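Undergrad: Below is a structure I'd like to ask you about.
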Amino acid sequence: METNVANGRKIGFFQTNGKPRHYADGAGIVIDRTKLGSEALQSLFEQRDGRSFQFTSDPDKQTPFHQLVGAQAGMLTTVVPVIPAMSVAGVVAALFDQSAPPDADAFAFMRDTADRLAVALANDERQRMLIRQAHFDGLTGLPNRELFRDRLNQELLRAPRENKSVALLYIDLDRFKHVNDSTGHTAGDKLLCVAAARILASVEASDTVARLGGDEFTVVLASARDTSAAARVAETILARLSQPFRFDGIEHFLTASIGIACAPGDGQSTEQLLKNADMAMYRAKSNGRGTYAFFEESMNKVATRRLQLESQLRRAIENDELQLYYQPQVHLATGRIVAAEALIRWQHPTLGLVPPGHFIPLAEDSGLILQIGDWVMHTALRQLAEWRAGDIPLSHVAVNVSTRQLRSAEFADRVLRALESCETPGQFIELEITESGLMENVEMTAQRLMRLRSRCVRIAIDDFGTGYSSLNYLRDLPFDALKIDRSFLKNIHSPEGAAITDAVIAMAHALGKQVVAEGVELPAQLNYLRAHRCDLAQGYHFARPVPAGEFATCYRNWHDGTRANVATSA
Ligand code: C2E
Ligand code: MG
Ligand code: MG
């Protein structure tokens, strides 16, 4: 603030903490609160002349405090501390000409201002404390039942507008009473605090974790993507809570039971959702504790099935049940097989050959895709090296990369590691990235791909035409080939379908990229693509994806001119 006071030039409130903002004192004077940093505070105390807080600016000694208050040489600075509750919260400072020091009135005004500020600050703090007490749990600091209801209510109002669902998790610590009784309440309180922190660490910042009281917590998943996302959070919470709690040299073990209810299906009001999540929690308890249950019975079957499949997939990697099939890519101008796309399969012990569409989404959800992705790259590169060392000189092998892999900060490192461990130069691998994956975070993705491309790694945009690429981005993105989605080839006989395919080929060529057509099944499609100078093609017309051994046979037959291959495996 810049208020004239008595013969003082300036008066300001310099506060040791809190955000700088205007502060209206009782006399209607608006005072600027300025942050009094620790350096300035220290210099203030160093300059203090005995008990008095009056000092003159020395041109040679511009201390941080002088700078803060704007004191110039020869000015007299007068300081009065503001003490709302036994400790200094800041100071009121005023500048005077040395020739006209403050008189008794000026001092009185400053003291009065300091007192008013102290009262205002104390009120502020009291109010904040009341709000805290009314809305937050005193032990854990989490929102209490009231605030939780409020937040849930807000989410229930917001979700339908955004076409989203809301999931409510009701968490009850199993046998907490036993811990409390046997170890005492202090240990019980500590345990609740650690449990609260672990639950908090399992959710995203936009979710709400609350303590309803006792050993009961709730989580509102604001952006519940789907029910399996809610199950995933429940699993994470259970896993974290099952870790031993260590304090005072003793390990405590705890499990929890979680009930899940999802709006709108399981209720659209706070009450109903809470009641149903509570019921689901009791079901989890009766199922043997340490587990979660959905309110909707059918969801439990889906969740169990998914969980089963996920643990089987985890083992599939160790048990060598994953397999790569290869589909040839034919160079249309020469008719030669020049490359292959690796497509993953899961040889499941009881389900048989599982196609990627049935387990890749699960692998993405659980994060297993990172490990699977590494395995795919290593396996495909080793296979290519073997073929190239023999009589199958493919120019590269294409592998599919899921968005989840691309999102990982280590993505480029993982690719480079695979290349290094197989002693393969970058140009032998082509990463197929879907259009939607590329567009998710264009700048970051482009950077990662640029790094790989500087090592000659090839990049292809898969399923082109099914996402919503901005053509502007397409110009700037680092890629080598564009794979036209097979849905376009289906419509190639109609003038509109043909026009779109033409346009895509022309655009890719204008940008200097290769065009690969996917899903070529009919001779008419092949003729069309050839006539329109599409570069490469793959599809059942040439060959289905087959295991490596069959691919080699297919390749040899193809180039022998017999073409008796056209393998039939799926
Ligand atoms: P995609 O990369 O677009 O692969 C092409 C899919 O079309 C393959 O299905 C292939 O078998 C099939 N296909 C090839 N030619 C024809 C044809 O002429 N007609 C028809 N109707 N289909 C044809 P697949 O093997 O079931 O793979 C499905 C998707 O799963 C792939 O689509 C890819 O996105 C994903 N995928 C496959 N392997 C992997 C992998 O190792 N990692 C990741 N992240 N995703 C993979
Ligand atoms: Mg692909
Ligand atoms: Mg594709």
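Undergrad: Once Lys and Arg get +1 and Asp and Glu get -1 on their Cβ, which of Q42, Q62, S366 lies farthest toward the positive end of the dipole of the chain?
TA: The residue sitting farthest along the positive end of the dipole is S366.
Undergrad: Which residue, Q272, T255, Y326, has the largest displacement toward the positive end of the dipole of region 183-330 when charges sit on each Cβ (Lys, Arg +1; Asp, Glu -1)?
TA: My answer, from the dipole projection, is T255.
Undergrad: Taking amide H positions as placed in the peptide plane 1.01 Å from N, state which residues far from E341 in sequence (5 or more) or on other chains have amide H under 5 Å from it.
TA: Q327, Q329, A398
Undergrad: How far is helix 38-47 tilted, in degrees, relative to the longest principal axis of the Cα atoms in the chain, given as a value from 0 to 90 rounded to the nearest 10?
TA: Taking Cα atoms only, the helix is inclined about 20 degrees.
Undergrad: Same structure, new question: Provide the packing ranking of 147-153, 512-518, i.e. peptides ordered by the mean count of other C-beta atoms within 10 Å per residue, highest first. Could you put the intermediate results ahead of the total?
TA: Values: 147-153: 18.3, 512-518: 21.1.
With the highest mean Cβ count within 10 Å placed first, the list reads 512-518, 147-153.
Undergrad: How many percent of the accessible area of the chain is carbon or sulfur, using a 1.4 Å probe? Provide the component values of the computation, followed by the final result.
TA: Working: 14080 of 27480 Å².
The nonpolar share, carbon plus sulfur, comes to 51 percent.
Undergrad: Where the only charges are on Cβ atoms (+1 Lys, Arg; -1 Asp, Glu), what is the dipole of the chain about its Cα centre, to the nearest 20 debye? Intermediate values should be presented prior to the final figure.
TA: Values: 61 positive and 68 negative charges, 117 e Å.
Charge dipole of the chain: 560 debye, to the nearest 20.
Undergrad: Please report the relative contact order for region 145-295, taking Cα pairs under 8 Å with a sequence separation of at least 6, and give it as a percent rounded to a whole number.
TA: Working: 263 pairs, mean separation 44.3, N = 151.
The normalised contact order for region 145-295 reaches 29 percent.
Undergrad: Compute the distance from the alpha-carbon center of region 233-277 to that of region 338-355, in whole Å.
TA: After rounding, the separation between the Cα centres reads 37 Å.
Undergrad: Then there's this: Once you keep just the Cα pairs under 8 angstrom separated by 6 or more residues, what percentage relative contact order results for the chain?
TA: Details: 969 pairs, mean separation 43.1, N = 570.
The normalised contact order for the chain reaches 8 percent.
Undergrad: Still on this structure, please answer the following. Rounded, prolate or oblate: which fits the chain, taking a ≥ b ≥ c as square roots of the Cα gyration tensor eigenvalues, rounded meaning a/c under 1.5, else prolate when a/b beats b/c?
TA: prolate
Undergrad: Hey, another quick one. Given points 7 Å out from each Cα along the Cα-Cβ axis, report the R111 to V88 separation in nanometres with one decimal.
TA: 1.8 nm
Undergrad: When Lys and Arg each count +1 and Asp and Glu each count -1, what net charge do the other residues less than 15 Å away from E271, Cβ to Cβ, add up to? Mind showing how you got there, number by number?
TA: Details: positive: R145, R149, R151, K275; negative: E146, D150, E155, D266, D278.
Net charge around E271: -1.
Undergrad: Sorted by packing (mean other beta-carbon atoms within 10 Å per residue), highest first, where do 409-416, 534-541, 279-286 land? Present the calculation step by step, with values, prior to reporting the outcome.
TA: Numbers: 409-416: 16.5, 534-541: 21.6, 279-286: 19.2.
The packing order, highest mean first, is 534-541, 279-286, 409-416.
Undergrad: Using the alpha-carbon centroid of each, what span in Å lies between region 175-219 and region 142-167?
TA: 21 Å
Undergrad: Scan around D535 for amide H atoms under 5 Å from its own, H built in the peptide plane at 1.01 Å from N, and keep only partners 5 or more places away or cross-chain.
TA: Excluding prolines and chain starts, which carry no amide H, the hits are V515.
Undergrad: While we're on this one: Enter the Cα centre distance for the pair region 411-426 and region 456-517, rounded to the nearest angstrom.
TA: That distance is 27 Å.
Undergrad: Given a 1.4 Å probe, how much area per residue of region 145-295 is accessible, in Å²? Walk me through the numbers on the way to the answer.
TA: Numbers: 6860 Å² over 151 residues.
On a per-residue basis, region 145-295 sits at 45 Å².
Undergrad: Sticking with this structure for a sec: Considering only lysines 8 or more places apart in sequence, or on different chains, count the pairs in the chain whose C-alpha atoms sit under 27 Å apart.
TA: Lysine pairs, 8 or more places apart or on different chains, close enough: 16.
Undergrad: Along the charge dipole of the chain, Cβ charges K/R +1 and D/E -1, which of V203, V219, Q383 sits furthest on the positive end?
TA: Q383
Undergrad: Run lengths n ≥ 4 of DSSP H only: what is the helix-derived mean residue ellipticity at 222 nm for the chain, with -39500 (n - 2.57) per run over all residues, to the nearest 500?
TA: So the calculated ellipticity at 222 nm is -14500 deg cm²/dmol.
Undergrad: Further question on the same structure: Leaving out ligands and nucleic acids, and using a 1.4 Å probe, what accessible area per residue does region 326-569 come to in Å²? Before the final figure, lay out the partial values.
TA: Details: 10770 Å² over 244 residues.
On a per-residue basis, 44 Å².
Undergrad: Between 0 and 90 degrees, rounded to the nearest ten: what's the tilt of helix 270-286 against the longest Cα principal axis of the chain?
TA: 60 degrees
Undergrad: Might you report the magnitude of the Cβ-based charge dipole of region 145-295 about its Cα centre, with Lys and Arg at +1 and Asp and Glu at -1, to the nearest 20 debye?
TA: Numbers: 19 positive and 19 negative charges, 33 e Å.
Rounded to the nearest 20 debye, it is 160 debye.
Undergrad: Taking the mean number of other Cβ atoms within 10 Å as a proxy for protection, how do you rank 289-298, 121-130 from highest to lowest?
TA: Working: 289-298: 18.5, 121-130: 12.5.
In descending order of packing, they fall as 289-298, 121-130.
Undergrad: I've got another one for you. Taking only Cα atoms, what is the 0 to 90° angle, nearest 10, from helix 442-453's long axis to the longest principal axis of the chain?
TA: Tilt relative to the chain: about 50 degrees.
Undergrad: Relative contact order for region 326-569 using alpha-carbon pairs under 8 Å, separation at least 6, rounded to a whole percent?
TA: 19 percent
Undergrad: When the dipole is taken about the Cα centre of region 277-421, and only Lys, Arg (+1) and Asp, Glu (-1) are charged at their Cβ, what size is it in debye, to the nearest 20? Spell out each step's value before the answer.
TA: Details: 16 positive and 16 negative charges, 58 e Å.
The dipole of region 277-421 has a size of about 280 debye.
Undergrad: In terms of modelled amide H atoms, which long-range or inter-chain residues lie less than 5 Å from the amide H of G90?
TA: Residues meeting the criterion, in which the H sits 1.01 Å from N, are T16, V82.
The values are calculated or read from the model by the stated rules, or taken from the named source; none is laboratory data. Everything numeric in this text was worked out from a predicted model, so none of it was measured. Please note: Cβ atoms are built from the backbone with ideal geometry, for glycine as well, and neighbour counts cover all protein chains shown. Remember, those area values only see protein heavy atoms, side chains included, never the ligands or the DNA or RNA. Shrake-Rupley method; radii C 1.70, N 1.55, O 1.52, S 1.80 Å.
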